[in-house]
Every structure is written in C-alpha cells, then in structure tokens.
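Every number here is computed from the coordinates shown, using simple stated rules; none is lab data. For clarity, every value in this text was computed on a predicted model and none was experimentally measured.
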C-alpha cells in the first residue's frame, strides 16, 4: 500500500439520501487521475452516518466502477468482535484491504491495542492498514506497538494522523522493508514525505486528485493553495464538501449532526 489514496466523500442529495449517480461520477473522476486507490467509509465518507445497506450498495458500485485502482474499506468499531463482524461483511468483495482504527471511547492500553489488531489480522487474508488517529478515537498506537504489529504478514501499512512529525520520523526510521507509512493529515503531507513516508490517505484529492503527486506544479497557484488551507481549516468533511459544492461538483449536504 503505497502512493496516494483518496479518502472518498459520500455525496448526498438535498433530501439527505445517498446520491449514487454522483458517487459513480466521483469514482470516475478518480479513475482518470494518477491516484493509486480510494478509501471508503472513513471519517471523510461519513461512515457513522451510513446504514449497512447503503455501505453495501456503495461498495458494490465502487467494485464495478473502479479501474486500475486499489480499494480499501474503513473499519471503526468499539470492540474486536464487532470489527471482525464488519470485515466479514466486506471481505468477499474485490477489495485490497481494510483501514482500521483502534477501538474508540474505551481508551485501550498498548497491550489491548496489540491484541485487538492481532486477532483481526488472524481473521482475514486481506491487507490491513493501521489507522492512528487519537483525536477521534481517544487511543494512541505507540511506535513500539506499530513495529510489533508489522510482524504480521497482512498488516502492511500505517495511516498516521497523529499530527506529530517526531512520531512519523521514528516510525519511518525503524519500519521494516515493505511496511508503508501514509500521511493522514493533508497539511503535513510534504513534510512527512521528506521524512520518508510512502504516500498519504488524502482529503483534498477528492477535489484535485493529482495535487499531492504534482504538488510542485501548484505552488505558484495562490487560489489552489487558499482552497487547500480552507479544507484543513474546517472539520472533516465539511471543508471539502463546501469547496466541491462551490465548484459545482456535489451538493453541499452532510448528515446531522454534521453541517
């Protein structure tokens, strides 16, 4: 798992229903770009606002429409049993793997986090990308726990959304060959790349898919950079949806309590 993965938004109609036609357009927009894959059902995709039926239909569409890109599915559950149950719903689809955050709310310690991911790794042959985002989960995956988990053959990457460049530096210093570190904060992408990171799971690439691979081409474009900083200045995915609406790409609709 290397390169740029777009954390795909879920478009809604004005009545709040999923806009499946617009979803197909968004995937084709990514198909025409240089991104390496998409991630469905993350915080950017408003996963907690979607029903199981909606997610299954969206995933089925994605598997039909995505061309020459990898597909990862986000999993965010409070306990091991539920996480494995969710994985079993999706693993028979033509996907590459799962992006999995540690249990939220319960504040597990490192031993508990290690056991959580180890049990999940045993339950599936699909690739697993660890997702360290303590601001949302209340749990932090330490450097030593990441390195220990990376000994599992199907734990292949870490999405680092800690915002801590020293943490990224340590992971990149000690990671084993074949294990990838992906930036989870758009505003730190280029700094993390200089530290040896292997790509990113990005939000702004919903709007400009090639931005992170061709960033130097945009440096002189003050309007694009202004939009980039606006996305990072609003709670996700409110910023990216607002900007894409302003450019007539989607409806600016989020499901409550998001607005």
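The mean sequence separation of alpha-carbon pairs under 8 Å and at least six residues apart, normalised by the residue count of the chain, gives a relative contact order of 21 percent.
Mind running the shape call on the chain? Use the C-alpha gyration tensor, a ≥ b ≥ c as the square roots of the eigenvalues: rounded below 1.5 for a/c, prolate if a/b tops b/c, oblate otherwise. Oblate.
Distance between the C-alpha centres of the range 1-67 and the range 74-110: 18 Å, rounded to the whole angstrom. Its DSSP H runs of at least 4 residues, each contributing -39,500 (n - 2.57), put the calculated 222 nm mean residue ellipticity of the chain at -11000 deg cm²/dmol, to the nearest 500.
Which shape class applies to the range 41-168: rounded if a/c is under 1.5, otherwise prolate when a/b exceeds b/c and oblate if not, where a ≥ b ≥ c are the square roots of the Cα gyration tensor eigenvalues? Prolate. Stretching the chain fully between residue 174 and residue 91 yields a gain of 26.8 nm (0.36 nm per residue, less the alpha carbon separation). Of all DSSP-defined beta bridges confined to the chain, some 5% are antiparallel rather than parallel.
Taking a ≥ b ≥ c as the square roots of the eigenvalues of the alpha carbon gyration tensor, the range 1-100 is oblate, as a/c is not under 1.5 and a/b does not beat b/c.
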